[in-house]
Amino acid sequence: MEENGRGISPRRSKRRTVHKIAAANEPNLFDELLDDLVVSVLCKLSSSAASSSDFINALLTCKRFKSLGFHQLVLSNVGSKVLAVKAKNWSDSVHRFLIHCVNAGNVEACYTLGMIRFYCLQNRGSGMSLMAKAAIKSYAPALYSLAVIQFNGSGGSRTDKDLQAGVALCARAAFLGHVDALRELGHCFQDGYGIRQNITAGRRLLMQANTRELASLLKSLVKQQPNHHHHHRGLNYEQFNCISCSGCSSMSNEPASEGHPVNVFLKEWFELGLGEMGEGLRLCSHKGCGRPETRAHEFRRCSACGTVHYCSPGCQALDWKLRHKLECVPIERWLE
């Protein structure tokens, strides 16, 4: 067989050309899929993606994914992990994406953008409106955040506090299973804050909150156990005894449960200096909260040491168990 000047057989070159023409003429089966089917797949992806980058990379696969990725059904199903943007990555494009999700009726996006606008961008009215939109749809974190705003009169003056409205919002969030709201409601009953004092009911609610927190902790411990050997499938009972021997309050030595991604955003936003806080304003001392003061002396401080400040009794109780009880030194002992 003779070769041409390039060292390639004419017959082989012809064969390759025929194959390319045949491949070009073959129908693209992906293009024949119905839009409804592709949208259904993207809905599943948007709700289950582990991060925003996973979802975005999928949309960049082809033009059809990119166009259908902004379908109303897809955006309405975007999950919290996709919306969990880092404060350092905040940009106009991220803001626009959240707005698209809000317009599609995504409750998680309403709450996330509402918190960012209210606390970070200081657009109080728009932030409250978005959180209220999520609360109307019985989204528990939004109900609880609105309760904290009502308790503190955030965004206004001390006279703007509405304790009864805060208790009502907290009770609704607690009914929906929000542990922080359940704990907050228990403190309200114990202290007679915005509601008639009932110490017994308050203690019962606090016990329920601790029990749910313990159940969540045990569930996470079970998931961490290896399952490839039968004898490893059980819970580590030494660890269980360490947690439960002193009652629910012994969880003080355990790591804090993972908070909502928007709380992480708030904390990073102000710690990185991306948003300016007024002179004398402070963040909530509970590391899992991230809420800032909107006016001077808005948050209550520890009555013993006076060095830490909290947006709510719930945050104060959590931080006491997790950290502050090891650091708190009463003012009377400072000289010592």
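Taking a 23 Å limit on the Cα-Cα distance, which of the listed pairs LYS287/LYS321; LYS267/LYS321; LYS44/LYS267; LYS66/LYS88; LYS223/LYS325 fall beyond it?
Numbers: LYS287/LYS321 12 Å; LYS267/LYS321 20 Å; LYS44/LYS267 30 Å; LYS66/LYS88 25 Å; LYS223/LYS325 30 Å.
Among LYS287/LYS321; LYS267/LYS321; LYS44/LYS267; LYS66/LYS88; LYS223/LYS325, the Cα-Cα distance tops 23 Å for LYS44/LYS267; LYS66/LYS88; LYS223/LYS325.
Under the 0.36 nm per residue contour assumption, what length would be gained going from the current alpha-carbon distance of ASP31 and LEU163 to full extension?
Values: separation 132, 0.36 × 132 = 47.52 nm, distance 5.77 nm.
Between ASP31 and LEU163, full extension yields an extra 41.8 nm.
Count charges around GLN190 for me, please; just the other residues with Cβ under 14 Å from its Cβ, Lys/Arg as +1, Asp/Glu as -1. Please list the in-between numbers first.
Details: positive: ARG183, ARG196, ARG203, ARG204; negative: GLU184, ASP191.
Spelling it out: positives minus negatives among the neighbours equals +2.
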Worksheet item: What is the list of residues in segment 286-307 whose amide nitrogen lies under 15 Å from a point 7 angstrom out from the Cα of MET277, following Cα to Cβ?
Response: 286-302, 307
Fill in: Residue-count net charge about VAL167 - beta-carbon cut-off 14 Å; Lys, Arg +1, Asp, Glu -1
+1
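Provide the FRET efficiency to the nearest 0.05 for the HIS95-LEU221 pair, computing r from the beta carbons and using R0 = 45 Å.
Working: r = 38 Å, r/R0 = 0.86.
With R0 = 45 Å, the Cβ-Cβ based efficiency is 0.70.
Of the listed peptides 184-190, 283-289, what is their order by residue-averaged count of other C-beta atoms within 10 Å, with the highest listed first? Working shown, then result.
Numbers: 184-190: 24.7, 283-289: 20.9.
Ranked by mean Cβ neighbours within 10 Å, highest first: 184-190, 283-289.
Ranked highest first by average number of other Cβ atoms within 10 Å, how do 122-128, 316-322, 194-200 line up? Please list the in-between numbers first.
On the way: 122-128: 15.9, 316-322: 21.4, 194-200: 13.1.
Order by mean packing, descending: 316-322, 122-128, 194-200.
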Worksheet item: LYS44 versus LYS86, label points 7 Å from Cα toward the beta carbon: distance in nm?
Response: 3.0 nm
Practice prompt. Please give the contour-minus-distance gain from THR61 to ILE199: 0.36 nm per residue of separation, less the Cα-Cα distance, rounded to one decimal in nm.
Written response: 43.8 nm
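How far, in nm, would the chain grow between SER129 and GLU327 when pulled straight, counting 0.36 nm per residue and subtracting the alpha carbon separation? Could you put the intermediate results ahead of the total?
On the way: separation 198, 0.36 × 198 = 71.28 nm, distance 3.88 nm.
Result for the pair: 67.4 nm of gain on full extension.
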Worksheet entry | Packing-based order for 160-167, 273-280, using average beta carbon neighbours within 10 Å, highest first | 160-167, 273-280
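Readers should treat all values here as calculations from the given coordinates under stated rules, not as data from a laboratory. The structure displayed is predicted, hence computed values, not measured ones. Note that we place each Cβ from the backbone using ideal geometry, even for glycine, and neighbour counts take in every protein chain shown.
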